[in-house]
Amino acid sequence: MHTPDGHTRTCGLIGNPVAHTLSPLIQNHMAQATGQNLVYLPFPVAKGDLGAAVRGALALDFLGLNVTVPYKSDVVAYLAEIDPLAERIGAVNTLVRCQGGYKGYNTDMPGLYRAMQQDGVKIAGRDVVILGAGGVARAVAVMLLERGAAGVHILNRTEDKAQAVAQEVNMMAGKSFARAYALEDYGRIGGEDWLVVQATSAGMHPHVEDAPIEDPEFYRHVEIGYDLIFNPGVTRFMKLTKSGGGRAYNGARMLVYQGIIAFELWTGTCVNQSTADELCRMMMQALGQ
Ligand code: NAP
């Protein structure tokens, strides 16, 4: 690893809280693996200080920043430019220096897409079931639209929220692409061999005994269950998917790839497959999995 010197570039994560983030592990390992003279640090930003933090990073010549909860939408107000995909998703998690400030990107969804490709999960032409209607579920629906899915079925505990997301995505699509349901109404979906993206927070540490849907009948239709949760490494949703005869994946690869895409934007380097696999292993180890 480079010992920091007069040429060291700084990147970091802004959010609140940031103490439990795995991003420094991921980013500093990539800097080492690709020989970049770069350090990556977490920076907790207090409520009301977001603008000052972005201006400060610019003044201090930071190469780039990641942005996490609760600032992924609010940060848009402090950007010089925004990537069209991030604008459609309405959330920015990566800032890259540009003329006069930072350009905002969303690398979460390209990260999920790359992770799915790596896991052999095909999207194009397929109907996809999304569980959840929060910020991430909405972003997943937009990503699936951009990547040529046939349509999405959005199921949420609070049906109104699923309806609002479906309406917004349909406006974007200019056609009927998304349909909304209450979680228990999955019987109305039809078809077999579902690809299900689990984008609720049910089952996330420490509530590891939760799953958004318990009924084994649901899981009999699931060919692929793609959980976006990475802690625990095997969620109850994944166990239920496997019990029903399906394949199950967690969100670790998505987390790693959103970091890789940010790193590639900052440095112009390409991170190879063996480094990506190594990062997944390191991350699971860091989580005690
Ligand atoms: P959010 O906006 O807070 O939305 C949470 C969603 O979960 C809502 O749809 C909520 O339903 C649903 N939910 C919560 N508890 C539930 C329960 N017990 N049963 C059924 N549904 C429940 O959260 P978000 O920002 O979209 O994040 C969602 C998930 O994405 C998180 O679990 C996080 O782990 C994951 N994520 C993964 C990555 C990655 O890199 N792998 C990155 C970001 C996020 P209601 O609307 O009814 O409340």
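For the reader, a short list of remarks on this structure follows.
- Within region 212-224, tally of residues that are under 19 Å from residue 119 (Cβ atoms) and within 13 Å of the ligand (Cβ to nearest atom): 0
- Restricting 160, 227 to residues that are near the ligand (Cβ under 9 Å from one of its atoms), among the acidic types (Asp, Glu), within 24 Å of residue 118 (Cβ to Cβ) and not assigned by TED's automatic domain parsing to the domain that holds residue 84 narrows the list to 227.
- Selection within region 92-122 - assigned to a loop (DSSP other than H, G, I, E, B), in contact with a helix residue (DSSP H, G or I) (Cβ under 6 Å, 6 or more places away or on another chain) and not hydroxyl-bearing (Ser, Thr, Tyr): 92, 93, 106
- Region 124-139 residues that are free of Cβ contacts under 8 Å to residues at least 60 places away in the same chain, paired with ones that are near the ligand (Cβ under 6 Å from one of its atoms) and open to solvent by 50 Å² or more (accessible area, probe 1.4 Å) (beta carbon under 8 Å, 6 or more apart): 133/158; 133/161
- Filtered residue count, region 135-151, keeping only those that are more than 11 Å from residue 89 (Cβ to Cβ) and either within 18 Å of the chain's Cα centre (by Cα) or assigned to a loop (DSSP other than H, G, I, E, B) (or both): 6
- Residue check: residue 175 meets all listed conditions (1) open to solvent by 90 Å² or more (accessible area, probe 1.4 Å); (2) farther than 18 Å from residue 146 by Cα; (3) in a loop (DSSP other than H, G, I, E, B) but one, namely (2).
- Any hit, region 134-150, residues being touching a Ser or Thr at 6+ places or on another chain (Cβ under 9 Å) and surrounded by fewer than 19 Cβ atoms within 10 Å (Cβ to Cβ): yes
- Given (1) in contact with a strand residue (DSSP E or B) (Cβ under 6 Å, 6 or more places away or on another chain); (2) among the hydrophobic types (A, V, I, L, M, F, W, C); (3) more than 20 Å from residue 126 (Cα to Cα); (4) not in a helix (DSSP H, G or I), number of the condition residue 237 does not satisfy: (4)
- Filter pass, residue 170 being of a type in the set (S, T, N, Q), open to solvent by less than 40 Å² (accessible area, probe 1.4 Å) and farther than 23 Å from residue 69 by Cα: yes
- Long-range neighbours under 9 Å by Cβ, at least six apart or interchain, first residue near the ligand (Cβ under 6 Å from one of its atoms) within region 199-211, second open to solvent by 90 Å² or more (accessible area, probe 1.4 Å) and not aromatic (Phe, Trp, Tyr): 200/157; 201/207; 202/157; 210/204
- Summed over region 122-133, the residues that are open to solvent by 50 Å² or more (accessible area, probe 1.4 Å) and touching a Lys or Arg at 6+ places or on another chain (Cβ under 7 Å) give a count of 1.
- Members of region 243-272 found to be without any contact (Cβ under 8 Å) to a residue 12 or more places away in the chain and in a helix (DSSP H, G or I), listed by number: 264
- Residue in region 239-256 that is touching a Ser or Thr at 6+ places or on another chain (Cβ under 8 Å), within 16 Å of the ligand (Cβ to nearest atom) and of a type outside the set (Ser, Thr, Tyr) present: yes
- In this structure, residue 76 qualifies as in contact (Cβ under 8 Å) with a residue 24 or more places away in the chain and surrounded by fewer than 21 Cβ atoms within 10 Å (Cβ to Cβ).
- Count - residues of region 226-269 that are open to solvent by less than 30 Å² (accessible area, probe 1.4 Å), aromatic (Phe, Trp, Tyr) and within 30 Å of residue 64 (Cβ to Cβ): 4
The values are calculated or read from the model by the stated rules, or taken from the named source; none is laboratory data. Everything quoted here is computed from the prediction, not taken from an experiment. For neighbour counting, all protein chains shown are included, and Cβ atoms are generated from backbone atoms with ideal geometry for every residue, glycine included. Note: accessible area is taken over every heavy atom of the protein model, side chains too, but ligands, DNA and RNA are not part of it. Shrake-Rupley method; radii C 1.70, N 1.55, O 1.52, S 1.80 Å.
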